[in-house]
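Following: one structure in structure tokens, then a few remarks.
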Amino acid sequence: MNQSLKQQLHRMFDFTFAALFLVTFVGVYYWYRRPKNFPPGPRGIPFLGVIPLFGKWPERQCNEWKKKYGPVFSMRVLGREEWIVLNDFESINQCLVKQSNKFSGRPFFEALQTLIHGKGLSFLDYGPLWKSQRKFGQKIIRGIGLERKGVDSCVNDEVPFLLESLRATDGKAFDILGILPKSSCNVLCSVFMGKRYEYDDDTLCTLVRLFSDVFHSSFDNFSLQLFIFAPKLMYIYPFSQSYKKLKKLFEDYAEILNRVIAEHEETFDKEHPRDFIDAFLKNMKEGSDKNFHIEQLHMYIRDIFEGGIETTTNTLNWSLICLLHYPEIQTKLREEIREIVGQSGSVKMSHKDDMPYTNAFIEENLRFLTSAPLGFQHKTNQDAEINGYIIPKGTTVTPNIWAVQNDPKYFDEPEKFKPERFIDEKGNFIKSEHVIPFSVGARRCMGEHLARMEVFIFLVSMIQRFEILPDPESKIPVLNDGINGPTFVPYSYKLIFQEI
Ligand code: HEM
């Protein structure tokens with residue numbers, strides 16, 4: 001090789017080396033750079049972020065990171081996107097309640113937005129549209145301006161049908177998911193559509209399938225969780241299959257709602273709105289608010305069903321599993337129920353204040369089996385400050401509800417199921433501000449009142465009339481394991497209802 005060629009190769013090598021060094025330096029700088037005064041936290045694996053580190057329990061992993069980084073930390077979810085996780089009650093309260101005007105936005109979830117087109121309620125960003133729609137929904141849930149029975153009657157009226165279906169199991173082992181979601185769905189149908197359905201009615205069965213089944217498939221539940229962190233996965237096999245399923249659910253739902261709306265139109269009387277749909281149509285026909293239109297009505301009711309069926313069913317289901325694990329608690333509950341309500345009397349919300357142990361059991365259930373462990377994601381709609389850190393506008397913020405409800409600072413031996421923790425020495429029920437399954441602040445669950453009513457009335461009615469027993473042929477699900485996604489759901493099992 002002559003001298004000049006050697007020199008040329010040398011120069012080329014030097015140049016390549018320098019370019020590589022520069023690219024690596026810029027890459028590392030870019031990778032480590034965070035906004036000024038931003039909370040510290042794990043960056044995870046380049047491009048993949050922390051997702052591969054989550055394992056099955058993202059909320060528990062976040063609780064571990066809290067020990068290293070403090071209650072407010074950031075984590076890189078994909079590429080360079082940073083999320084803020086709030087891991088104790090104080091920081092959640094500081095952000096979602098005290099600065100609710102800054103922390104009540106919603107991030108843009110591509111998988112869902114391709115289907116809901118910025119309509120509904122739960123995924124609306126903070127602003128005038130969300131405010132007016134939320135105000136409207138809250139009024140309806142309280143029964144204001146409607147010519148129909150109150151929400152509590154909608155729950156009470158469903159009880160005989162629930163009990164009848166349980167009776168029909170005739171002391172044989174069965175899957176409670178064949179019944180409970182139908183009861184929960186019917187309560188929502190009564191409040192929002194003004195009608196309930198028989199338990200074998202096709203419409204009811206389809207609605208339950210649409211809003212419940214996806215959470216009970218481990219893979220689909222996992223995919224939905226992944227789409228929140230990594231939306232592009234919805235286009236990639238096998239996750240694209242879950243997205244396709246979701247899309248089909250939307251189409252089936254639209255078909256049912258079109259039919260129900262058409263029935264309302266036929267008998268509509270603007271002077272006498274009977275339910276949510278009538279009240280919505282009235283606003284639509286008056287035309288003073290352009291945000292009341294058919295697509296919005298579809299997506300609003302969809303959000304209600306999505307928010308209300310699975311969560312309430314799940315809470316009741318975990319309660320029943322607790323009763324199987326702790327028969328002595330079941331006996332104690334039944335004693336209190338029979339003393340206050342009687343052996344066959346109808347359960348009323350007015351009984352609740354006289355039933356401290358039942359209240360304590362429900363509260364412990366809501367604490368111990370956090371339905372939505374990482375809550376629902378929020379977004380800052382202005383620059384904000386927390387614990388001396390700056391959170392820029394547009395940042396995704398998630399409350400770790402599981403971490404609060406399992407924090408030894410507030411709960412002695414949080415890993416144990418102990419309803420007594422909510423009873424004082426005089427035997428009174430003491431509610432804890434640290435039990436926050438419905439979240440807190442402006443965006444807290446809109447159905448909390450209805451859900452609490454349903455859980456109390458359904459549960460008490462079931463324990464009053466039936467002894468709830470394990471199926472000797474199947475295993476009772478353990479309390480600290482299940483399908484973990486946007487909601488924490490028990491594995492399928494069977495149980496026995498023995499009439500007493
Ligand atoms: C035990 C049952 C329930 C639990 C544990 C639960 C939990 C939650 C949670 C954690 C949120 C997110 C709050 C936030 O963004 O910080 C939420 C929102 C919501 N829930 Fe529930 N929920 C339950 C029942 C219901 C019911 C029965 C309804 C139907 C009326 C409902 C309707 C909604 C709606 C519409 C939202 C969105 C509110 C908004 O974005 O403004 N939920 N729920």
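Criterion applied to GLU363, GLU433 was being over 27 Å from GLU328 (Cβ atoms), of a type in the set (Asp, Glu) and more than 10 Å from the ligand (Cβ to nearest atom), and the one residue passing it is GLU433.
With respect to TYR197, determine if the residue is surrounded by 14 or more Cβ atoms within 10 Å (Cβ to Cβ) and either touching a strand residue (DSSP E or B) at 6+ places or on another chain (Cβ under 9 Å) or closer than 20 Å to PHE466 by Cβ (or both). So that I can check it myself, show each step before the final result.
On the way: surrounded by 14 or more Cβ atoms within 10 Å (Cβ to Cβ): yes; either touching a strand residue (DSSP E or B) at 6+ places or on another chain (Cβ under 9 Å) or closer than 20 Å to PHE466 by Cβ (or both): no.
The answer is no for TYR197.
Scanning region 93-107 for residues that are more than 9 Å from the ligand (Cβ to nearest atom) and in contact (Cβ under 8 Å) with a residue 60 or more places away in the chain returns ASN93, GLN94, CYS95, VAL97, GLN99, SER100, ASN101, LYS102, PHE103, GLY105, PRO107. Of all residues in region 31-66, those satisfying the criterion of being buried (at least 20 other Cβ atoms within 10 Å of the Cβ) and at positive phi are GLY41, GLY49.
Evaluate the following for PHE438: is it touching a Lys or Arg at 6+ places or on another chain (Cβ under 6 Å), surrounded by fewer than 20 Cβ atoms within 10 Å (Cβ to Cβ) and not acidic (Asp, Glu)? Can you show your working first?
On the way: touching a Lys or Arg at 6+ places or on another chain (Cβ under 6 Å): yes; surrounded by fewer than 20 Cβ atoms within 10 Å (Cβ to Cβ): yes; not acidic (Asp, Glu): yes.
The answer is yes for PHE438.
State whether the residues of region 326-334 include one that is touching a residue at least 12 places away in the same chain (Cβ under 8 Å), over 17 Å from MET462 (Cα atoms) and either away from the ligand (no atom under 15 Å from the Cβ) or in contact with a strand residue (DSSP E or B) (Cβ under 8 Å, 6 or more places away or on another chain) (or both). It would help to see each step written out before you state the result.
Kept after step one, since they are touching a residue at least 12 places away in the same chain (Cβ under 8 Å), are these residues of region 326-334: 326, 329-330, 332-334.
With the extra rule that they be over 17 Å from MET462 (Cα atoms), the set shrinks to none.
For region 326-334, residues touching a residue at least 12 places away in the same chain (Cβ under 8 Å), over 17 Å from MET462 (Cα atoms) and either away from the ligand (no atom under 15 Å from the Cβ) or in contact with a strand residue (DSSP E or B) (Cβ under 8 Å, 6 or more places away or on another chain) (or both): absent.
Of all residues being in a loop (DSSP other than H, G, I, E, B) and surrounded by fewer than 17 Cβ atoms within 10 Å (Cβ to Cβ) in region 110-122, which is farthest from the ligand (Cβ to nearest atom)? Just the residue, please. Here the answer is HIS117.
Residues that are within 12 Å of the ligand (Cβ to nearest atom) and among the aliphatic types (A, V, I, L, M) within region 181-204 comprise VAL187, LEU188, VAL191, listed in sequence order.
Here is a list: ASP125, ASP170. Which entry is assigned to a loop (DSSP other than H, G, I, E, B), acidic (Asp, Glu) and away from the ligand (no atom under 13 Å from the Cβ)? It would help to see each step written out before you state the result.
On the way: ASP125 fails: away from the ligand (no atom under 13 Å from the Cβ).
Step by step, each of ASP125, ASP170 is checked, and only ASP170 is assigned to a loop (DSSP other than H, G, I, E, B), acidic (Asp, Glu) and away from the ligand (no atom under 13 Å from the Cβ).
The set of residues in region 439-482 that are outside any helix (DSSP H, G or I), within 16 Å of the ligand (Cβ to nearest atom), hydrophobic (A, V, I, L, M, F, W, C) and closer than 26 Å to PHE161 by Cβ comprises CYS445, MET446.
The numbers here are math on the coordinates, done by the rules we state, and not lab data. Since we're looking at a predicted model, the values are computed, not measured. With ideal geometry, Cβ positions are generated from the backbone for all residues, glycine too; neighbour counts draw on all protein chains shown.
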